[in-house]
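Comments concern the structure below.
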Amino acid sequence: MLLDTDPKIKNITAVQLVKVTYPLVIAKTEDGEFVKVKLSDEQLQDPLFWDTLKNIRRSQLWVPLGRHFHQLLSNDWLMPAAQ
């Protein structure tokens, strides 16, 4: 469970991938809700990306997903450094 209390991270939720079949990716949130992951055209065409998603699903890892747009985050759980 994501425990960070920083308000900037409130738009991120942890999900597990439950279905990875081109061109569809379904994820399950910590609350048990199923969401369709929205992918870019570049991601749809990238075989390495699909292999990685299959490995993540098989390993049952939790990954960050943007709550609003349902997109996987490329920077994982990292927040930008404060300046």
Within region 1-28, the count of residues that are modelled with pLDDT under 95, open to solvent by less than 70 Å² (accessible area, probe 1.4 Å) and among the polar types (S, T, N, Q) comes to 1
Residues located in region 9-38, provided they are in contact with a strand residue (DSSP E or B) (Cβ under 7 Å, 6 or more places away or on another chain), in a loop (DSSP other than H, G, I, E, B) and among the charged types (D, E, K, R): 30
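The values are calculated or read from the model by the stated rules, or taken from the named source; none is laboratory data. What you see is a predicted model; the values in this text were computed from it and never measured. Note: ideal-geometry Cβ built from the backbone for every residue, glycine included; neighbour counts use all protein chains shown. Ligands, DNA and RNA are stripped out before the accessible areas are found, and what is left, the full protein with its side chains, is counted by its heavy atoms. Shrake-Rupley method; radii C 1.70, N 1.55, O 1.52, S 1.80 Å.
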